[in-house]
1. Among the numbered criteria (1) within 24 Å of THR100 (Cβ to Cβ); (2) within 24 Å of the chain's Cα centre (by Cα), which one does ALA137 miss?
2. Do we find that ASN276 is modelled with pLDDT of 85 or more, open to solvent by 10 Å² or more (accessible area, probe 1.4 Å) and closer than 30 Å to VAL204 by Cα in this structure?
3. Looking at the stretch 478-495 only, could you name the residues that are without any contact (Cβ under 8 Å) to a residue 24 or more places away in the chain and either open to solvent by 60 Å² or more (accessible area, probe 1.4 Å) or touching a Ser or Thr at 6+ places or on another chain (Cβ under 8 Å) (or both)?
4. Assess whether GLY365 counts as being in contact with a helix residue (DSSP H, G or I) (Cβ under 9 Å, 6 or more places away or on another chain) and in contact (Cβ under 8 Å) with a residue 40 or more places away in the chain.
5. From LYS240, LYS297, LYS314, LYS225, which residue is within 26 Å of ALA354 (Cα to Cα), open to solvent by 20 Å² or more (accessible area, probe 1.4 Å) and modelled with pLDDT of 90 or more?
6. Got a sec? Which strands (runs of 3 or more DSSP E) wholly within the stretch 450-506 have at least 2 residues that are over 23 Å from GLN112 (Cα atoms) and aliphatic (A, V, I, L, M)?
7. Kindly indicate the residue of the stretch 34-77 that is assigned to a helix (DSSP H, G or I) and β-branched (Val, Ile, Thr) and also farthest from SER163 (Cα to Cα) among those meeting that condition.
8. Filter the stretch 139-153 down to the residues that are surrounded by fewer than 18 Cβ atoms within 10 Å (Cβ to Cβ) and in contact with a Ser or Thr (Cβ under 9 Å, 6 or more places away or on another chain), then identify the one that is nearest to ASP182 (Cα to Cα).
Amino acid sequence: MALVAKSAPRSSKTESYVDNKRKEDIRHANIKSACAVADAVRTSLGPKGMDKMISTASGEVIITNDGATILNKMEVLQPAAKMLVELSKSQDTAAGDGTTTVVVIAGSLLKQCLSLLSSGIHPTVISDSLHKASIKAVDVLTAMAVPLELTDRDSLVKSASTSLNSKVVSQYSSLLAPLAVDAVLTVVDPEKPDLVDLRDIKIVKKLGGTVDDTEMVRGLVFDKKVSHAAGGLTRVENAKIAVIQFQISPPKTDIEQSIVVSDYAQMDRILKEERNYILGMIKKIRATGCNVLLIQKSILRDAVTDLSLHYLAKAKILVIKDVERDEIEFITKTLNCLPIANIEHFKEEKLGHADLVEEVSLGDGKIVKITGIKDMGRTTCVLVRGSNQLVLDEAERSLHDALCVIRCLVNKQFLIAGGGAPEIELSRQLGAWAKVLHGMEGYCVKSFAEALEVIPYTLAENAGLNPITIVTELRNRHAQGEINAGINVRKGQITNILEENVVQPLLVSTSSITLAAECVRMILKIDDIVTVR
């Protein structure tokens, strides 16, 4: 008689414990990895924050304290930690500034989630509470905000200065902030006042000089020199400019083949035909009155040859060659002209007009400036200078952040105090709201309120102040109704930060809270990692 082996019934308690243990370990590992990323950028927060030197595998060195740049260059392998890198990119897209703040807030929220999980609270309860808290936080921030008019240039400059104060090039904020404001206001379309496309602002970097030499140019700037072949022109007044996308060079066969020339008469005939072909094109160009040519870089063959440059110089036509394909749209919008794809379509009405096109020596190189453009489109150029490539790159990144801040204010015309004031006020009001809520929800919201204190705490810590004393005093001031009291890192004390002109767009604060909450909720809900091969 066969015996049937009957397995002993396992305890359901033991079974659930083993299952939950794995889920807890995965959740714990995800949160720890994400917190490690947040801690890596935390020291770079605020005006007194430290900078990071990033050395890439290719040998490139970057010095910056822009959160998005630091995280983008870091090699993060853990999937949950990668979510914080994506989080800073999202903040950069949504607001352009606050990329370090959003990651630091997310890291602090995750640490609080860890202690809530260890207390036995279910992840879904924590996630739902965080969602409610983020909605309440946006309401509190909106109530704190001060309305702004775009005609109030001083307030716009103050916001741009606050953004630049934490950068490597902070000593140049008095120059770069007004420049950023003027650049954005130049490209704002009165018919669509709440939309700003930063692609309409072209930033041209040129090595040499200092950041002080940075300027805004109402026109076009090319970081290249004009063609000097055969004594070509370097300056043209009353310019008629054509942007061409065809080649001024002898045609080539469609298929790869060789042509054998057996005698000199045939060779002369080929050269004569080439000369006549090029001359015919240049005569058509000259007939329209065109005296400046911008030639798009060609991938098929040389856009111009030495022979064509020689004839263009004889015809007194200034040539700027190798214009990048992706710059054509910006150039045609600025010059208010049309790109010409074929010599047969070369018409006078497709040309742009400018008062002056000239080559200018700058540093150890040359640039071309086109100024006095008639019927100019809503675009502008910013020529950024720097003593070395590291400063130049950081000046460009800082200027981009300042431009984004002004764009935020155009989109959502509200200002809010900086210096940790919004975060400590949020912490106070969410803490008070948590007492009204019942059960686990109130306990979770109270933890999130405490997590937001990480911003003023870090600002004080990075400025070399006593963080516990500063945050305690800040909390006390806010409890007395001073909602704009913040940390003045220059004076090392608590002041009315709004009067100190430390302001930022409301959109920067609201998006950092909502995006951080969304990212934390997603990390929190992960209970297993499945590898598919």
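1. For ALA137, the exception is condition (2).
2. no
3. Correct list: GLN480, GLU482, LYS491, GLN493.
4. On the way: in contact with a helix residue (DSSP H, G or I) (Cβ under 9 Å, 6 or more places away or on another chain): no; in contact (Cβ under 8 Å) with a residue 40 or more places away in the chain: yes.
When the stated conditions are applied, GLY365 does not pass them.
5. Of LYS240, LYS297, LYS314, LYS225, the one residue that is within 26 Å of ALA354 (Cα to Cα), open to solvent by 20 Å² or more (accessible area, probe 1.4 Å) and modelled with pLDDT of 90 or more is LYS240.
6. Once the strands (runs of 3 or more DSSP E) in the stretch 450-506 are filtered for at least 2 residues that are over 23 Å from GLN112 (Cα atoms) and aliphatic (A, V, I, L, M), what remains is 485-488.
7. In the first step, residues of the stretch 34-77 are kept if they are assigned to a helix (DSSP H, G or I); the result is 34-42, 67-73.
Pick out the ones that are also β-branched (Val, Ile, Thr) and you get 37, 41, 69-70.
Values: VAL37: 22, VAL41: 17, THR69: 15, ILE70: 17 Å.
For the stretch 34-77, the residue satisfying everything is VAL37.
8. This residue is GLU149.
The values are calculated or read from the model by the stated rules, or taken from the named source; none is laboratory data. In this text the structure is predicted, and so the values were computed from the model without any measurement. Cβ: placed from backbone, ideal geometry, glycine included. Neighbour counts: every protein chain shown. Accessible surface areas use protein heavy atoms only, side chains included; no ligands, DNA or RNA. Shrake-Rupley method; radii C 1.70, N 1.55, O 1.52, S 1.80 Å.
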